[in-house]
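Data block below; observations after.
The values are calculated or read from the model by the stated rules, or taken from the named source; none is laboratory data. Computed from a predicted structure; not experimentally measured. So basically every Cβ, Gly included, is an ideal-geometry build from the backbone, and we count neighbours across all protein chains shown.
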Amino acid sequence: MLRRQRQIRAQVQQWMDAGLFALAFWLAHTVRALAPGYSPDLQEIQPLDQYHWLYLLIVPGTMILLKGLGFYNRPLLFSRRETAWVLTHAVVIAMLAVVSALFLRKQELARAVIFLFGGFAFLLVMGKEELQRRWLLSKLGQEQFKRRLVLIGPPADTAQIERELEAKASGAIEVLARLDLHETSSEKFIGLLHDRAANGVILSARHTYFEQVEKVIEMCELEGVEVWLLADFFKTRISQTSVDDFLGRPTVVFRSAPEASWQGLAKRVLDFVGALVLLVVLTPVVLLPVAVAVRLTSRGPVLFRQQRSGLNGRPFTMLKFRTMVTDAEQLQAELASFNEMDGPVFKVSNDPRVTPLGRWLRKWSIDELPQLWNVLRFEMSLVGPRPLPVDEIRRINDPAHRRRLSVKPGLTCLWQISGRNDVSSFKEWVRLDLEYIDNWSLWLDLKILLKTIPVVLTGAGAK
C-alpha cells in the first residue's frame with residue numbers, strides 16, 4: 001500500500017479509535033451511575049457534565065498515544081495477541097493520564113469509572129479490530145480491498161519484492177504473476193490484465209530496460225491500471241505522475257484515474273449511505289409493487305441478471321427489473337441489422353423484445369433501481385460510467401476505450417444527463433466517460449446526481 005493510502009487509512013482509524021475511547025468513558029460513567037449500591041458508604045457519583053472537559057484530553061490524547069505506540073504501522077491482518085498487547089499499553093497509559101488530569105484539577109471521580117473506562121476502551125477497540133479482520137478475510141472484503149498486482153522486472157528483483165510483500169503487506173496484496181521485463185510480450189501482458197482483472201503493476205527496472213518499461217507504462221495507461229515504477233521518471237501522455245514510497249522504496253506512480261484521497265473516501269460513504277437510504281425508502285412504495293407487476297404481466301423472473309464488467313474489467317452480476325421477454329438475448333441476433341449504436345454496444349429504438357410494462361419502467365429508469373444493491377455490495381457507485389456486458393467489452397477494438405473501466409461503474413453518468421439514449425456514437429459515449437474520469441471530484445458527482453433527477457422525472461432521452 002502506498003504512503004498516501006496508508007496515511008488516509010491511519011487517519012480514519014485514529015478518529016474511529018478516539019471516538020471509541022470517548023464512548024468508553026461515557027459508558028463507564030453511565031454504568032457506574034446506574035449500578036445498584038454495593039456498599040453502604042458508596043458515594044453518589046457526580047453528573048457527567050462535570051467531566052466533559054476530559055473529552056478534550058481523551059480524543060486527541062488517544063490519537064497521539066496509539067500513533068506513538070505504532071498501532072497504525074501494523075499490517076492489516078496483524079496478530080491478535082500483538083494487537084491486544086499494544087492496546088493494553090495504550091489503555092493503561094490513558095487511565096493514568098485521566099487520573100493525573102483529575103488530580104491536577106483537584107476533582108474526584110469514582111475509581112470504578114476509571115477501571116470501567118479502561119475495560120470498555122479495550123473491548124470496543126478490540127471489537128472493532130475483530131470486525132475489520134472478519135471483513136477483510138471475507139470474500140467481499142478481499143474483492144474490495146486486496147490489491148491484485150503484477151510484478152514486472154528482472155527475476156531476482158521481482159522475487160525480492162514478492163518476499164517483501166509477504167513479510168510487510170500480508171493479506172493486503174495478491175501477486176497475480178511475476179513477469180520478466182525483457183521477455184514479456186504485449187499480447188501476454190494485456191491478456192493477463194484482462195483475464196485476472198489486475199488493478200496494479202509494480203515495475204522494477206534497470207536503465208538497460210527503459211524501452212520495455214515505456215511500452216508497459218503505455219499499455220497500462222490505456223487500460224487505466226496503476227503503475228508503481230521503482231525507477232526513474234518517463235514521459236506520459238495521459239497519466240498524472242506522483243512520487244510516493246512503497247515499502248520504503250522511492251516510487252513513481254503513473255495514474256490515469258482518480259487517486260486515493262479524502263474525496264474518494266467520501267464518495268464511498270456517499271455511495272453506501274445513499275444506496276441504503278434509497279433502498280429503505282423505495283422498497284415498500286416502489287420496488288415491491290414493481291416486482292409484483294413484473295411477475296404478473298409477463299412470464300419469467302422478476303430480476304434480470306447479467307454479467308457486466310466492473311472495476312478494471314472484473315465481472316460482476318448486475319441486477320435490473322426484467323423489461324424484456326425471457327428469450328431476449330437469443331433474439332438479439334435477429335435484430336443486429338437495426339443496431340443504432342456504433343461500436344460494440346447494441347441499442348434499438350422501439351425494441352420489440354421489450355414488454356409493455358418494461359417500456360414504462362425504462363422510460364422512468366425504474367428498471368435500474370435494483371442496482372442499488374450492487375452499490376451496497378461496492379460493485380458499483382452512484383455515479384460512474386455505465387457498466388457494459390462482458391461480451392461487449394471483449395469486442396472493444398480501441399484499447400484507449402478500456403480506460404473507462406479504471407473507475408467503478410455507476411447508476412448515472414455524464415452520458416445519462418447528456419441525452420441518455422440520444423447519444424448514438426460509442427466514441428462520444430466513451431469521450432464523456434473519460435471526461436468524467438479526468439475531471440472527477442466529489443462536487444462533480446453531486447452535480448451529476450442533481451442533474452439526473454429532472455432527467456429521470458421527465459423521461460428525457462428515454463426510448
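Looking at the range 369-456, what helices (runs of 4 or more DSSP H) fall wholly within it and have at least 1 residues that are within 27 Å of residue 321 (Cβ to Cβ) and not assigned by TED's automatic domain parsing to the domain that holds residue 272? Talk me through it step by step, then tell me what you get.
Values: elements: 371-376, 390-394, 426-438.
Once the helices (runs of 4 or more DSSP H) in the range 369-456 are filtered for at least 1 residues that are within 27 Å of residue 321 (Cβ to Cβ) and not assigned by TED's automatic domain parsing to the domain that holds residue 272, nothing remains.
Any chance you could count how many residues in the range 94-114 are loosely packed, with under 15 Cβ neighbours inside 10 Å and without any contact (Cβ under 8 Å) to a residue 60 or more places away in the chain?
Summing the residues that are loosely packed, with under 15 Cβ neighbours inside 10 Å and without any contact (Cβ under 8 Å) to a residue 60 or more places away in the chain in the range 94-114 gives 9.
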The one condition in (1) touching a helix residue (DSSP H, G or I) at 6+ places or on another chain (Cβ under 8 Å); (2) part of a helix (DSSP H, G or I); (3) buried (at least 18 other Cβ atoms within 10 Å of the Cβ) that residue 151 fails to fulfil: (2)
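Within the range 125-136, identify whether any single residue is surrounded by fewer than 18 Cβ atoms within 10 Å (Cβ to Cβ) and among the β-branched types (Val, Ile, Thr), and answer yes or no.
Residues of the range 125-136 that are surrounded by fewer than 18 Cβ atoms within 10 Å (Cβ to Cβ), as a first pass: 126-128, 130-136.
From the residues that got through so far, the ones that are among the β-branched types (Val, Ile, Thr) too are none.
So far as the range 125-136 goes, no, none of its residues is surrounded by fewer than 18 Cβ atoms within 10 Å (Cβ to Cβ) and among the β-branched types (Val, Ile, Thr).
Taking residue 366 as the residue in question, decide whether it is within 30 Å of residue 191 (Cβ to Cβ), at pLDDT 80 or above and buried (at least 17 other Cβ atoms within 10 Å of the Cβ). Working first, answer last.
On the way: within 30 Å of residue 191 (Cβ to Cβ): no; at pLDDT 80 or above: yes; buried (at least 17 other Cβ atoms within 10 Å of the Cβ): yes.
No: the conditions fail for residue 366.
Can you report the number of residues in the range 259-289 which are out of contact with any strand residue (DSSP E or B) (no Cβ under 6 Å at 6 or more places or on another chain) and touching a residue at least 40 places away in the same chain (Cβ under 8 Å)? Break it down into steps so the answer makes sense when it comes.
Taking the range 259-289 first, the residues out of contact with any strand residue (DSSP E or B) (no Cβ under 6 Å at 6 or more places or on another chain) are 259-270, 272-273, 275-289.
Pick out the ones that are also touching a residue at least 40 places away in the same chain (Cβ under 8 Å) and you get 259-263, 265-268, 270, 272, 275-276, 278-279, 282, 286-287.
Number satisfying all stated conditions: 18.
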Subset of the range 145-198 [under 29 Å from residue 400 (Cα atoms) and basic (Lys, Arg)]: 146, 147, 148, 178, 188, 196
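Kindly indicate whether residue 290 is outside any strand (DSSP E or B) and either surrounded by 16 or more Cβ atoms within 10 Å (Cβ to Cβ) or at pLDDT 80 or above (or both). Reasoning before the result, please.
Values: outside any strand (DSSP E or B): yes; either surrounded by 16 or more Cβ atoms within 10 Å (Cβ to Cβ) or at pLDDT 80 or above (or both): yes.
Criteria met by residue 290.
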Test: residue in the range 262-285 that is surrounded by 14 or more Cβ atoms within 10 Å (Cβ to Cβ) and modelled with pLDDT under 85: no
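Going by the conditions given, is residue 165 in a strand (DSSP E or B) and buried (at least 19 other Cβ atoms within 10 Å of the Cβ)? Break it down into steps so the answer makes sense when it comes.
Numbers: in a strand (DSSP E or B): no; buried (at least 19 other Cβ atoms within 10 Å of the Cβ): yes.
No, not satisfied.
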Residue count for the range 120-148, restricted to those that are part of a helix (DSSP H, G or I), without any contact (Cβ under 8 Å) to a residue 40 or more places away in the chain and among the small types (Gly, Ala, Ser): 2
Test: residue 424 is at pLDDT below 85 and among the hydroxyl-bearing types (Ser, Thr, Tyr): yes
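Among what's in the range 51-83 and is of a type in the set (Phe, Trp, Tyr) and part of a helix (DSSP H, G or I), pick the residue that is nearest to residue 17 (Cα to Cα).
First pass over the range 51-83, keeping only residues of a type in the set (Phe, Trp, Tyr): 51, 53, 55, 71-72, 78.
Of the ones still in play, those that are also part of a helix (DSSP H, G or I) are 51, 53, 55.
Values: 51: 20, 53: 19, 55: 13 Å.
Within the range 51-83, the match that is nearest to residue 17 (Cα to Cα) is 55.
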Pairs where the first residue, in the range 432-451, is within 11 Å of residue 413 (Cβ to Cβ) and the second is aromatic (Phe, Trp, Tyr) and assigned to a loop (DSSP other than H, G, I, E, B), C-beta under 9 Å, 6+ apart: 432/415; 433/415; 436/415
Residues of the range 293-320 satisfying the condition of being among the aliphatic types (A, V, I, L, M), closer than 15 Å to residue 358 by Cα and either part of a helix (DSSP H, G or I) or not assigned by TED's automatic domain parsing to the domain that holds residue 361 (or both): 293, 294, 296
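In the range 187-199, which residues are touching a Lys or Arg at 6+ places or on another chain (Cβ under 7 Å) and either more than 17 Å from residue 218 (Cβ to Cβ) or not in a loop (DSSP other than H, G, I, E, B) (or both)? Outline the logic, then answer.
Within the range 187-199, the subset touching a Lys or Arg at 6+ places or on another chain (Cβ under 7 Å) is 196-199.
Correct list: 196, 197, 199.
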